[in-house]
Every structure is written in C-alpha cells, then in structure tokens.
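To start, the structure itself, in structure tokens.
The values are calculated or read from the model by the stated rules, or taken from the named source; none is laboratory data. Not measured: the values here are computed from a predicted model. In this analysis, Cβ positions are derived from the backbone assuming ideal geometry, glycine residues included, and neighbour counts consider all displayed protein chains.
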Amino acid sequence: MTRYAFGIEYDGTAFMGWQRQVHEGRTVQAAVEEALAKVADHPVEVTCAGRTDAGVHAVGQVIHFDTDAKRDLRGWLLGTNSNLPPDVAAGWVKEMPEDFHARFKATARQYRYVILNRDTRPALSRAELTWVHRPLALEPMRAAAANLIGKHDFSAFRSVECQAKQPVRSLKRLDVRREGERIIVDAVADGFLHHMVRNIVGVLLEVGQGKRAPGWSREVLEGRDRTLGGVTAPAHGLTLMAVEYPGEFAVPVSRESLF
C-alpha cells in the first residue's frame with residue numbers, strides 16, 4: 001500500500017463545498033475521488049487538509065489517499081486531471097511516507113479574502129471576490145486586525161454549526177493591504193473554525209466603513225459570543241491559499257504563500 005499526496009485547486013462556485021454529501025449536491029471531494037478511482041481502477045477515499053464551504057475556492061488544498069495501484073507520478077497527475085471537471089485541477093503529486101496525514105500533520109493554513117472596493121460592481125472575477133461599494137479605510141481595518149493576532153478563544157468568530165471540539169486557535173498573521181481597487185486580507189493560523197475567516201472579515205468591514213471603532217474587534221473576541229460579532233462575509237471572496245507541513249514532507253506551496 002502506497003500513500004500519495006496531491007495538491008488540488010478548484011473554483012468553488014458550483015460546488016456545495018468540499019465534503020462529500022449523503023444527499024444530492026455536487027462536491028469537490030466526490031469529483032476528486034471519482035477521478036482518482038478511474039486512474040487507480042478501484043474506489044478511492046481521500047482526506048483533505050481543510051474542508052471548505054460552498055462557494056469557497058482553493059489553490060493550495062492538500063489531500064492524501066492510499067492505494068495498491070502501480071502508476072508513476074506523471075500517470076497519476078495526467079490521468080487524474082483528464083478525469084476531473086474543468087473547475088477542479090491537480091497541480092502536483094508526491095509519494096509520501098505512511099505517517100503523512102493531510103489534516104493532522106498540517107502545522108498552518110493560509111486563507112485569503114479579496115474585496116473589490118469601488119463604486120461599480122464587477123463583471124469579471126465576480127466569483128473570486130466580494131464587492132463593497134462604500135469606501136473602506138485601510139488603517140482602522142489594520143488596527144482591528146492586530147487585536148486578533150495570537151492564541152485566543154475564537155468562539156465569537158465560529159459559526160453555530162461549528163463542530164470543532166475546542167475554540168482556541170493561534171492566529172499567526174492577519175495582514176490587510178490595498179492593491180489598487182482591491183483590499184486583500186491574508187490570514188495564517190494553526191487551524192480555523194467554521195466560518196472563522198469570513199466572520200473576521202465581517203468585523204473588519206464594519207470597522208473599515210466607520211460603523212465601529214478598531215477596538216470593537218477586541219470586544220467581540222473577548223465577549224466570546226457569536227451573536228455580537230456582526231455579519232458573515234460572503235463565501236465567494238475566500239480562497240484556501242496554502243497548507244504548511246513539517247519540512248521532511250517537502251510539500252509544495254503556492255508562490256503567494258506567506259509561509
């Protein structure tokens with residue numbers, strides 16, 4: 001039995017999310033498993049680094065699976081891509097030691113949220129960003145972001161459906177920058193709760209629009225009450241950029257990774 005890891009990217013627009021569904025609904029996991037099964041010539045079950053929600057994209061998702069099938073790496077990669085739908089692609093494949101685990105061996109994950117901040121709505125790339133027509137003040141957003149960095153109980157930033165056993169996470173970076181008409185939020189943590197990044201961005205948007213002072217983000221954090229945390233930012237502005245692993249696994253990361 002051999003363990004393989006793949007790097008997967010996808011446009012999440014037309015998917016119900018990553019995780020395979022019992023009921024009807026198109027999922028990324030099902031698409032990947034069906035493609036791999038055709039190459040392996042047997043059913044395949046994959047494990048991912050992070051289960052993304054409906055509408056969320058990825059350029060740095062990592063999966064692993066075990067198989068007895070004998071294929072060279074090029075055969076795995078080209079065969080899998082030829083059986084994937086157009087909105088999913090495999091970027092790389094590596095044979096891994098049996099102790100590699102896409103989820104449990106990950107030491108950090110990076111998500112990016114992109115906001116188009118201008119008067120008029122976009123026609124292009126509208127599924128990859130969120131449009132906010134009201135002017136956003138960058139420095140207050142940065143100040144609010146700084147209040148959240150560190151190891152905290154992020155109960156106020158998790159959804160009511162979150163199934164994580166405990167809410168403490170170490171948020172290593174929360175960078176906010178402007179590139180032309182776009183404001184980009186990069187978040188790096190050891191792990192993320194359900195809707196955590198989108199809820200953080202929701203708070204930053206309130207601050208950026210002048211509805212709240214930067215210190216409000218600390219009040220929300222310390223309150224540990226989701227009902228006090230404002231709106232959840234839309235899913236389609238969010239992308240899983242990269243997953244970090246211990247160096248011995250030599251897992252590739254995207255060129256835009258903050259690791």
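Summary table below
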| item | result |
| --- | --- |
| Only listed residue being closer than 29 Å to residue 237 by Cα and without any contact (Cβ under 8 Å) to a residue 60 or more places away in the chain, chosen from 31, 49, 37 | 31 |
| Any pair with Cβ under 9 angstrom, 6 or more apart, that starts in region 195-207 at a residue that is crowded, with 23+ Cβ neighbours inside 10 Å and ends at one that is hydroxyl-bearing (Ser, Thr, Tyr) and in a helix (DSSP H, G or I) | 200/217; 203/217; 204/217; 207/217 |
| Elements of type strands (runs of 3 or more DSSP E) contained in region 60-158, each with 1 or more residues being touching a residue at least 24 places away in the same chain (Cβ under 8 Å), outside the structural domain of residue 7 (by TED's automatic domain parsing) and surrounded by 17 or more Cβ atoms within 10 Å (Cβ to Cβ) | 108-117, 130-132, 150-153 |
| Any chance residue 251 is touching a Lys or Arg at 6+ places or on another chain (Cβ under 8 Å), in the same structural domain as residue 113 (by TED's automatic domain parsing), closer than 30 Å to residue 101 by Cα and buried (at least 22 other Cβ atoms within 10 Å of the Cβ) | no |
| Test: residue in region 26-36 that is touching a helix residue (DSSP H, G or I) at 6+ places or on another chain (Cβ under 8 Å), at pLDDT 95 or above, part of a loop (DSSP other than H, G, I, E, B) and within 30 Å of residue 258 (Cβ to Cβ) | no |
